[in-house]
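See structure below.
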Amino acid sequence: MALTLYFAAGSSSLPALVGLEEAGADFEPVRLVLAKGDQRTPQYLAVYPRGRVPLLVVDGQTIGENVAILATIANLFPRAGLLPLADPVELGRAYELLAWFASSIHVAFAQVSRPERYTRDQAAWPALKAGGRENMLAAYAEIEARLADGRPWLLGDTFSLADPYALVFHRWAERLDVDMAAYPAYSAHAARVRARPSVQRALAQESSPRVLVGA
Ligand SMILES: N[C@@H](CCC(=O)N[C@@H](CS)C(=O)NCC(=O)O)C(=O)O
């Protein structure tokens, strides 16, 4: 099986990278630099017309969208235990988290960082950004409450791909100028996630040389 992951440093592609590293997968990492517009080159758009990361390619078949990518990685490598595949209810709860992350938290952050995605009316941007920031704070509080019972991982005693996904939003707090000391359980969780060897390897991949797609 040939696997390629297109990713970018500091982005929501981190959990996919972590998943492949946790699984010990043999994959080709392709690092794009979003600030340089690598995601909008004709070469990348030919691979993935949405121009986003992450993108997983499995034997030539492209799979976009984090929820789909993470589910695919977990199913390709069931022995890595990346999602609770054996228990339909636990799995449903895991998907609930992944879907909330992708469809609500990521969108709230994008309201702040990319308001042009939502309206061309620049007069509306301050309100859009303010609403996004409020929604991010509410999401941080919800994650904090979930971890407040002392559980090591978001699903309980077992690590899952929801954990490195939550680290993405913890990292983004800096860009929102939010002091994460206000969320001690979430910050302890982020430190636990970072300490995993797979996450260390994924973070090292984020510093690897940029790859120009199609060059
Ligand atoms: N719904 C997508 C969102 C992917 C997404 O927006 N990724 C950002 C990076 S965090 C991106 O590619 N941004 C590039 C751009 O908007 O130009 C998912 O969950 O995978």
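The values are calculated or read from the model by the stated rules, or taken from the named source; none is laboratory data. All figures in this text were calculated on a predicted structure; none of them were measured in a lab. As a convention, Cβ positions derive from the backbone with ideal geometry for all residues, glycine included, and neighbour counts pool all protein chains shown.
A few comments on the model shown:
- Taking segment 104-215 as the region of interest, the helices (runs of 4 or more DSSP H) fully inside it that hold 3 or more residues being surrounded by fewer than 14 Cβ atoms within 10 Å (Cβ to Cβ) and modelled with pLDDT of 95 or more are 125-147, 184-195, 197-205.
- Count of residues meeting criterion [outside the structural domain of V18 (by TED's automatic domain parsing) and within 10 Å of the ligand (Cβ to nearest atom)] in segment 53-104: 5
- Which listed residue, of A8, A46, is closer than 19 Å to F109 by Cβ and of a type outside the set (D, E, K, R): A8
- Yes/no for Q43 being in a helix (DSSP H, G or I), free of Cβ contacts under 8 Å to residues at least 40 places away in the same chain and under 24 Å from P209 (Cα atoms): no
- For R50, the requirement of being assigned to a loop (DSSP other than H, G, I, E, B), under 23 Å from F169 (Cβ atoms) and within 15 Å of the ligand (Cβ to nearest atom) is met.
- Selection count where residues are closer than 18 Å to P209 by Cα and either under 18 Å from the mean Cα position of the chain (by Cα) or more than 9 Å from the ligand (Cβ to nearest atom) (or both), scope segment 22-37: 10
- Sub-7 Å Cβ pairs linking a first residue in segment 26-39 that is free of Cβ contacts under 8 Å to residues at least 60 places away in the same chain and under 16 Å from S113 (Cα atoms) to a second residue that is within 11 Å of the ligand (Cβ to nearest atom) and assigned to a helix (DSSP H, G or I), at least 6 apart or interchain, number zero.
- Note on segment 38-47: among residues that are surrounded by fewer than 20 Cβ atoms within 10 Å (Cβ to Cβ) and of a type in the set (S, T, N, Q), the one that is nearest to the ligand (Cβ to nearest atom) is T41.
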